[in-house]
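Here is the structure we will look at.
The values are calculated or read from the model by the stated rules, or taken from the named source; none is laboratory data. Everything quoted here is computed from the prediction, not taken from an experiment. In this analysis, Cβ positions are derived from the backbone assuming ideal geometry, glycine residues included, and neighbour counts consider all displayed protein chains. Each accessible area value is taken on the protein alone, full model and side chains, heavy atoms only, with ligands, DNA and RNA left out. Shrake-Rupley method; radii C 1.70, N 1.55, O 1.52, S 1.80 Å.
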Amino acid sequence: ATVPQEIDAKKATILKDKLVRVIGAIEARSQGIDKTEEYINAVDRYREKVLFETFMSRAVLPDVKVTQAEARDYYQTNIAVFSTPLMLKMKSLAFLDEKSGQNALRKLKAGSDFKWVSGNVTGLAAEDDKSILNFGGNLLAITALPADLQKMVNNARAGDMFLYNDPAALTYVLVVESAFPPQAKPFDEVKTDAAKSVYGRKVKEALDDYVAKLKEAYETEIF
């Protein structure tokens, strides 16, 4: 019978990998690499990794189960984790100094039109200034904003105004045009992620419990 080409290809790959491993090991021994501290440490780390994975798969993981009820409870308790972030659409003006930004903000809060203010204040950064952060015009998730600004606008609503000093460069006047509050994703859409989180927690608890039992059974010796 004729051996299919794909099987021949797999056989060739397997044989090549085997030869590389065997010849590589022989060459390493001939050069004394297997006696070096780096090699010995690498082998020890690999051995420890294999032993730990074997221990986990046989002694810990078989008893770890996650029910859908547990995943749903985690979802409900941590609903913020499974929600879309606050989305904001803002208008912005970038100023070279804080005083100019404060002056513009006062005008806006007094009722002046944004477009009028943008054309009648001093201290604006040049439009081609490469340090300007692009806040205006686009719908942005607050998670995409600088960390300190995220805290400032965390509960923002349409019409709110902010003065933001970028630590690295400019001062910004921000006017919220529209705000879209966080929305929880459906459980069915995120149940796998919720189950993974519960599973990870249970594995850690099971391992901690196993270690505690070992400590009780075997007295710890300090050298």
Item to check | Exclusive hit being open to solvent by less than 60 Å² (accessible area, probe 1.4 Å) and within 22 Å of K109 (Cβ to Cβ), set F135, F187 | outcome: F135
Checklist entry - How many residues does segment 138-153 hold that are of a type in the set (S, T, N, Q) and surrounded by 11 or more Cβ atoms within 10 Å (Cβ to Cβ)? => result 2
Checklist outcome for this item: Being closer than 13 Å to K91 by Cβ and at pLDDT below 95 narrows N120, N154, N138 down to just N138
Next on the checklist: If V173 satisfies all but one of (1) at pLDDT below 95; (2) open to solvent by less than 50 Å² (accessible area, probe 1.4 Å), what's the number of the condition it fails?
Outcome noted: (1)
Next on the checklist: Scan segment 81-90 and tell me whether some residue there is within 35 Å of the chain's Cα centre (by Cα), among the polar types (S, T, N, Q) and surrounded by 13 or more Cβ atoms within 10 Å (Cβ to Cβ).
Outcome noted: yes
Next on the checklist: Yes or no: segment 113-130 includes at least one residue that is free of Cβ contacts under 8 Å to residues at least 24 places away in the same chain, open to solvent by less than 40 Å² (accessible area, probe 1.4 Å) and touching a strand residue (DSSP E or B) at 6+ places or on another chain (Cβ under 6 Å).
Outcome noted: no
